[in-house]
Amino acid sequence: QFTTRVVSCRAAELRPEGGGERVRGFQVVLEDTILFPEGGGQPDDRGLIGDVPVLRVTRRGPEAVHFVPAALEPGAEVLLSLDWERRFDHMQQHSGQHLISAIAEQMFGFKTTSWELGRQRSVIELDTPLVTAEQVEALEKSVNEKIRDRVPVTVRELAADDPEVETVRSRGLPDDHVGPVRVVDIKGIDSNLCCGTHVSNLSDLQVIKLFGVEKGKKNKTNLVFLAGNRVLKSIEQSHSTEKALTSLLKNGPGEHVEAVKRLQSSVKLLQKNNLNLLRDIAVLIARDFKSKPAPKQLFVLHRKEGDSEFMNIIANEIGTEETLLFLTVGDEKEAGLFLLAGPVEAVENLGPRVAELLGGKGAGKRGRFQGKAAKMSRRGEVQALLQEFISQQNPEA
């Protein structure tokens, strides 16, 4: 916590991180703050000004701007409280990034070009097209050795024109930077220009886990990692998943993979058999219709189970030179698929109207119009439309 005063408060709007409508509130500047504004790859802090929650902290030149939902009186003395759990997590990830970047460059010459502290995981962009599994393993072993060595982490400030600034690892200063330059030192390992928050000793990182690499942009490689409490949470999630799979699969963790492979094989076989049965049913439905002596100008069918191939097989077997077919598959209360088939001119005329009635979209070609339907419950309206069309074409029908 920290006591300070309100310098200014003005109405503003905030766009939520997850998107959506803007939130109305106020931008507050304080005499000083303990809440970190977003920057340098690190997200901003959260906390309270009195009992008013701080929803975002950004930097405007040398000032930290706090976005809050309620107005604060300029000149008022306020108690600023920090969300320590969020702050410490960011400290662990950021110091972890410095350590990984430094050791990766020392061991393999991989320079860090950017990094991102995400909500679930953190990513370091390395200026190399390839990082092998063996290099990842060696890097992870080395950074965890440094953590166990309890190496101190210190912060110092230098004048912007101090010659020592040129010897410190850096990706450059922001164009609007003012005042001294902040340097974060990991004793004997790294010196880095940085505005972010850090632990005071590598032992506070607890452990670092490297989860491998992903292909980056422009011949670069993304290294995925977790540090500190995030590793513990990841293990807890994995263990919960493992327990659930053990219960479902009725075997031990070591047998999960083989059990899933067997299930996948069974599912594939069932799907194949199901498709064959659907094809046979489609043929039988078509032949049954053709065998009846009644007029064959309109054929309507709905089936919950089925797909586009099922409907097209029926259309192929019945033939569409004389008969107009309206076929649908799917749950009546949900979305599904439809097929309108028949004489080319009739389908071209009716297809778009059928799609509109069903609240869906489709496309037509050579006497067939098919697509997705959002309102399967309106099939009756489509059937009435088709009956009316046939009556108009052939009054004697």
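State whether one or more residues within the range 287-295 are of a type in the set (S, T, Y), in the same structural domain as G367 (by the TED database) and open to solvent by 50 Å² or more (accessible area, probe 1.4 Å).
Start the filter on the range 287-295 by keeping residues that are of a type in the set (S, T, Y), which leaves 291.
Add one more test, that the residue is in the same structural domain as G367 (by the TED database), and what stays is 291.
When the remaining residues are screened for being open to solvent by 50 Å² or more (accessible area, probe 1.4 Å), the result is 291.
Yes, there is a match, as at least one residue in the range 287-295 is of a type in the set (S, T, Y), in the same structural domain as G367 (by the TED database) and open to solvent by 50 Å² or more (accessible area, probe 1.4 Å).
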Query - Close pairs from the range 374-388: first more than 17 Å from D331 (Cα to Cα) and touching a residue at least 12 places away in the same chain (Cβ under 8 Å), partner open to solvent by 90 Å² or more (accessible area, probe 1.4 Å) and in a helix (DSSP H, G or I), Cβ under 7 Å, at least 6 apart - result: L385/R353
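Check K268, K261, K218 and return the single one that is basic (K, R), assigned to a loop (DSSP other than H, G, I, E, B) and outside the structural domain of G39 (by the TED database). Outline the logic, then answer.
On the way: K268 fails: assigned to a loop (DSSP other than H, G, I, E, B); K261 fails: assigned to a loop (DSSP other than H, G, I, E, B).
Of K268, K261, K218, the one residue that is basic (K, R), assigned to a loop (DSSP other than H, G, I, E, B) and outside the structural domain of G39 (by the TED database) is K218.
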Requested in this report: Considering only the range 249-272, state which residues are open to solvent by 70 Å² or more (accessible area, probe 1.4 Å) and polar (S, T, N, Q).
Outcome: Q264, S265, Q271
Requested in this report: Provide a single number: the residues in the range 76-92 that are farther than 9 Å from D45 by Cβ and either open to solvent by less than 30 Å² (accessible area, probe 1.4 Å) or in a helix (DSSP H, G or I) (or both).
Outcome: 9
Query raised in the report: Which one of these is of a type outside the set (K, R), open to solvent by less than 20 Å² (accessible area, probe 1.4 Å), outside any helix (DSSP H, G or I) and in the same structural domain as M91 (by the TED database): V178, V184, V136, V143?
Result: V184
Query raised in the report: Could you give every pair whose Cβ atoms fall below 8 Å, whose first residue belongs to the range 323-349 and is on the phi > 0 side of the Ramachandran plot, and whose second residue is open to solvent by 10 Å² or more (accessible area, probe 1.4 Å) and of a type in the set (K, R), counting only separations of at least 6 or pairs across chains?
Result: G330/K304
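Pull up the range 323-338, narrow it to residues that are open to solvent by 60 Å² or more (accessible area, probe 1.4 Å) and in contact with a Lys or Arg (Cβ under 8 Å, 6 or more places away or on another chain), then point me to the one that is nearest to E356 (Cα to Cα). Even if it seems obvious, please write down each step before you answer.
If we filter the range 323-338 for residues that are open to solvent by 60 Å² or more (accessible area, probe 1.4 Å), which is where we start, we get 332-335.
Then keep just the ones that are in contact with a Lys or Arg (Cβ under 8 Å, 6 or more places away or on another chain); that gives 332, 335.
Working: E332: 17, A335: 14 Å.
Per the criteria, the residue is A335.
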Query raised in the report: Any residue in the range 350-357 that is in contact with a strand residue (DSSP E or B) (Cβ under 6 Å, 6 or more places away or on another chain), open to solvent by 10 Å² or more (accessible area, probe 1.4 Å) and of a type outside the set (S, T, Y)?
Result: no
Requested in this report: May I ask you to list the residues in the range 8-54 that are assigned to a strand (DSSP E or B), open to solvent by less than 50 Å² (accessible area, probe 1.4 Å), of a type outside the set (A, V, I, L, M, F, W, C) and closer than 28 Å to S95 by Cα?
Outcome: G39, Q42, G47
Query raised in the report: Being surrounded by 19 or more Cβ atoms within 10 Å (Cβ to Cβ), in contact (Cβ under 8 Å) with a residue 24 or more places away in the chain and of a type in the set (S, T, Y), is that true of even one residue in the range 299-322?
Result: yes
**Report entry** Pairs, first touching a residue at least 60 places away in the same chain (Cβ under 8 Å) in the range 226-255, second part of a helix (DSSP H, G or I) and not charged (D, E, K, R), C-beta under 6 Å, six or more apart
**Finding:** L226/S234; A227/Q92; A227/Q93; A227/G96; A227/L205; G228/Q92; G228/L205
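The values are calculated or read from the model by the stated rules, or taken from the named source; none is laboratory data. Given the structure is predicted, the values throughout are model-derived calculations rather than measurements. Cβ sites come from the backbone with ideal geometry, for glycine too, and all protein chains shown count toward neighbours. The protein model used for the area step is the full one, side chains on, heavy atoms only, and it has no ligands, DNA or RNA in it. Shrake-Rupley method; radii C 1.70, N 1.55, O 1.52, S 1.80 Å.
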